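Single-structure report; data block below.
The values are calculated or read from the model by the stated rules, or taken from the named source; none is laboratory data. These numbers were taken from a predicted model, which means no experiment stands behind them. Every residue, glycine among them, receives a Cβ derived from its backbone with ideal geometry; neighbour counts consider all protein chains shown.
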């Protein structure tokens, strides 16, 4: 497994890198058959350290977790605990989906945009233009998954929604977490 361990405006020592690689490697080996790479980012928020971890699996799925604590090692341990819980919860499903799939998940490129929010709170004022202001444009990945795999990926990532290409008919679909706790699925019909 490839590791990318970095710090945002803080130095990451060799001892911490070794600790992260050993512990994350053990978790990944125990619960995921073939993880490909892991990204670990440490940062400082006020008096706390924050650790964000993403582990990419050979099936194309991504598990991620975030933890924070007053000590940098404790922040990593909190993250590792959350990641281990996610992988343990989905271990059987991850392995079952991997056995059915002979090839890794196809990933398609797409564009992702961040739009400026309206700072005006006055309801009577009208915007100058109906065109939104684009703050940032980024590349994004759209995986080709079954609906079950998409729901599992959304839950593993802790995301409120997931856009994916449905393997059954190659159209773009969306699964999302509803306010009532259930999962919604948007499957647009043929044009």
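Yes/no matrix, rows are residues, columns are (1) in a strand (DSSP E or B); (2) on the phi < 0 side of the Ramachandran plot; (3) in contact with a strand residue (DSSP E or B) (Cβ under 9 Å, 6 or more places away or on another chain):
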residue: 23; (1), (2), (3): no, yes, no
residue: 26; (1), (2), (3): no, yes, no
residue: 36; (1), (2), (3): yes, yes, yes
residue: 64; (1), (2), (3): yes, yes, yes
residue: 67; (1), (2), (3): yes, yes, yes
residue: 77; (1), (2), (3): no, yes, yes
residue: 83; (1), (2), (3): no, yes, yes
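Within region 117-131, identify whether any single residue is surrounded by 10 or more Cβ atoms within 10 Å (Cβ to Cβ), at pLDDT 80 or above and not assigned by TED's automatic domain parsing to the domain that holds residue 63, and answer yes or no.
The answer is no; no qualifying residue exists.
Among the residues of region 144-162 satisfying the criterion of being farther than 18 Å from residue 66 by Cβ and out of contact with any helix residue (DSSP H, G or I) (no Cβ under 9 Å at 6 or more places or on another chain), which is surrounded by the most Cβ atoms within 10 Å (Cβ to Cβ)?
Looking at residues that are farther than 18 Å from residue 66 by Cβ and out of contact with any helix residue (DSSP H, G or I) (no Cβ under 9 Å at 6 or more places or on another chain), I get 150.
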